[in-house]
Amino acid sequence: MKLQQLRYIWEVAHHELNVSVTAQALYTSQPGISKQIRLLEDELGVEIFSRSGKHLTRVTPGGEEIMKIAGEILGKVESIKQLAQEHSSPDKGSLSIATTHTQARYALPAVIESFIEHYPDVALHMHQGTPAQISQSAADGEVDFAIATEALELFQNLLMMPCYKWNRCILVPKTHPLASIAELSLEDVAEYPIVTYVFGFTGRSKLDEAFRVKDLKPRVVFTATDADVIKTYVRLGLGIGIVAHMAYDAEQDSDLVALEAKHLFKPSITSIGFRRGTYLRGFMYDFIERFAPHLNRDIVDEACTISSREKLEEFFSSIELPEY
């Protein structure tokens, strides 16, 4: 059994079983990958992939178990490389982050600016996607950190650490009837068509929960993943906007009014997650602390020793989170 063979089966499984695409990604040949997979299956005496002719169709049950261990082994190999680099070049390397548009556009710029200034030799890569895609990328080891509000809890091998609390605001044109109400109620909001985030994005679940508890049925007429897009359609008169308060800029959005809504919705919590067993380099600890100052190295290291999600939540419950 060779490490290269484990890499091949892992990559094929994460390229939708497309050997040609995998070969291109790994800068090698399709026949070479197919041959090595066959040799590994022959050695183990079990099929890792089911086939239809020359095409792979699915990962077999036995292959799923092999794949899980292969992922752990490849993760350990990557940790060895990171450890060696930490000793040879502590301020050089790369850091990859997967996050949503809202985090990338509003929460991260100042953090990234200061990080790059301090670590000019660390290449920083940002990937944007849905919360589920972000979490999957971190769980598979494709990125170092996932930063999101939704979906991180779906992956058991992710260590999640809460960063800050945030809430929403209602965006309306200055002449809108809601702009004259001193304190909005959910009933007031439910009277108008709503433009907001796609389900599963940026704390959308808390929004839906608030209406459900009040037995109200909001008229969501348009959804998007991007707060700037939502604001565009509010300006067009499609409906009132419900966005993260951080997405409102008093100068750039001076034609809109941001109405307070934190009394209407429970706060959401943005977390940073990484795959358990990841070797954290010094600049990775520093990035976490720059983004969430309460997550210093000692706190992160202690969190890494807690395997139970319930105990981890209990551990962080004593920490007062900042509000964005």
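The values are calculated or read from the model by the stated rules, or taken from the named source; none is laboratory data. Here the structure is a predicted model, which is why all the values come from computation and not from measurement. So basically every Cβ, Gly included, is an ideal-geometry build from the backbone, and we count neighbours across all protein chains shown. Heavy atoms of the whole protein, side chains included, go into the accessibility calculation; ligands, DNA and RNA do not. Shrake-Rupley method; radii C 1.70, N 1.55, O 1.52, S 1.80 Å.
Let me know the shape class of segment 69-162, please: from the alpha-carbon gyration tensor, a ≥ b ≥ c as square roots of the eigenvalues, rounded when a/c is under 1.5, otherwise prolate if a/b is greater than b/c, or oblate. Please report the intermediate quantities before stating the final value.
Numbers: a/c = 2.47, a/b = 1.06, b/c = 2.34.
Oblate, since a/c reaches 1.5 and b/c is not below a/b.
Calculate how steeply helix 3-13 sits against the longest principal axis of the alpha-carbon atoms of the chain, using the helix alpha-carbon long axis, and give the answer as 0 to 90 degrees to the nearest 10.
40
Taking θ as phi - 60°, what are the ³J(HN,Hα) couplings along segment 170-182 by the Karplus curve (6.51, -1.76, 1.60), each to the nearest whole Hz, with x for Gly and Pro?
For segment 170-182, the Karplus-derived couplings read 9, 9, 9, x, 4, 8, 5, x, 5, 5, 9, 8, 5 Hz, x marking Gly and Pro.
Determine the relative contact order of segment 29-113: mean sequence separation of Cα pairs under 8 Å and six or more apart, normalised by residue count, in whole percent. The partial results should precede the final answer.
Values: 28 pairs, mean separation 10.8, N = 85.
Once normalised by length, the contact order is 13 percent.
Sequence gap at least 6, Cα distance under 8 Å: using those rules, report the relative contact order of the chain to the nearest whole percent. Please list the in-between numbers first.
On the way: 490 pairs, mean separation 63.9, N = 324.
Relative contact order, the chain: 20 percent.
Where does the charge balance sit around residue 214 when Lys and Arg score +1, Asp and Glu -1, over other residues with C-beta under 12 Å from its C-beta?
Working: positive: 212, 217; negative: 187, 188, 208, 209, 215.
The answer is -3.
Amide H of residue 94: which non-local residues (sequence gap of 5 or more, or other chain) have their own amide H closer than 5 Å, using H built in the peptide plane?
123
If exposed means no more than 11 neighbouring beta carbons inside 10 Å and the site is in a DSSP loop, what's the longest run of the chain without any exposed GluC sites (Glu not before Pro)?
Values: sites that count: 16, 183, 251, 320.
Longest site-free region, per DSSP loop and neighbour criteria: 17-182.
Could you tell me what percent of the accessible area of segment 215-324 is made up of carbon and sulfur, with a 1.4 Å probe and every protein chain present? Could you put the intermediate results ahead of the total?
Values: 2800 of 5740 Å².
Answer for segment 215-324: carbon and sulfur cover 49 percent of the accessible area.
Report the extension gain between residue 52 and residue 39 in nm, rounded to one decimal, defined as 0.36 nm multiplied by the number of residues separating them, less their alpha carbon distance. Each step should come with its number before you reach the end.
On the way: separation 13, 0.36 × 13 = 4.68 nm, distance 1.84 nm.
Fully extending the segment from residue 52 to residue 39 adds 2.8 nm.
With a 1.4 Å probe and every protein chain left in place, work out the accessible area per residue of the chain in Å², rounded to a whole number. Walk me through the numbers on the way to the answer.
Details: 16600 Å² over 324 residues.
Ligands and nucleic acids excluded, the figure is 51 Å² per residue.
Can you show me the helix-derived [θ] at 222 nm for the chain, built from DSSP H runs with n ≥ 4 at -39,500 (n - 2.57) apiece and divided by the number of residues, rounded to the nearest 500. Write down the numbers at each step before the final one.
Details: 12 runs with 131 residues, N = 324.
Rounded to the nearest 500, the figure is -12000 deg cm²/dmol.
Take the alpha carbon gyration tensor of segment 172-244, find the square roots of its eigenvalues, order them as a ≥ b ≥ c, and report rounded if a/c is under 1.5; if not, report prolate when a/b exceeds b/c, else oblate. Intermediate values should be presented prior to the final figure.
Values: a/c = 1.85, a/b = 1.03, b/c = 1.79.
Since a/c reaches 1.5 but b/c is at least a/b, the shape of segment 172-244 is classed as oblate.
May I ask what percent, to the nearest 5, of DSSP beta bridges between residues of the chain are antiparallel?
Working: 24 of 41 bridges.
If we restrict to bridges inside the chain, about 60 percent are antiparallel.
Quick check: Cα centre of segment 214-234 to Cα centre of segment 14-67, how many Å?
43
Shape verdict for segment 39-120, please, from the Cα gyration tensor: rounded (a/c under 1.5), prolate (a/b greater than b/c) or oblate. Don't jump to the answer; show the numbers that get you there.
Working: a/c = 4.23, a/b = 1.93, b/c = 2.18.
Cα axes put segment 39-120 in the oblate bin.
Output wanted: per-residue J couplings in Hz (rounded whole) for segment 76-83, from phi through Karplus 6.51 cos²θ - 1.76 cosθ + 1.60, θ = phi - 60°, x for Gly and Pro.
Running phi through 6.51 cos²θ - 1.76 cosθ + 1.60 with θ = phi - 60° gives 5, 4, 5, 5, 4, 4, 5, 4 Hz.
Report, ordered by chain and residue number, the aspartates and glutamates lying within cross-link reach of residue 92, taken as a straight Cα distance under 20 Å and ignoring same-chain residues fewer than 8 apart.
Answer for residue 92, where 20 Å is the Cα cut-off: 78, 113, 117, 121, 142, 144, 286, 289, listed by chain and number.
Ignoring ligands, DNA and RNA, please state the percent of accessible area on segment 1-98 from carbon and sulfur, probe 1.4 Å.
Details: 3140 of 5910 Å².
Ligands and nucleic acids excluded, carbon and sulfur give 53 percent.
Structure shown: which of 81/206; 217/311; 68/206; 35/68 lie over 30 Å apart, alpha-carbon to alpha-carbon?
Numbers: 81/206 41 Å; 217/311 36 Å; 68/206 33 Å; 35/68 21 Å.
Table pairs above 30 Å Cα-Cα are 81/206; 217/311; 68/206.
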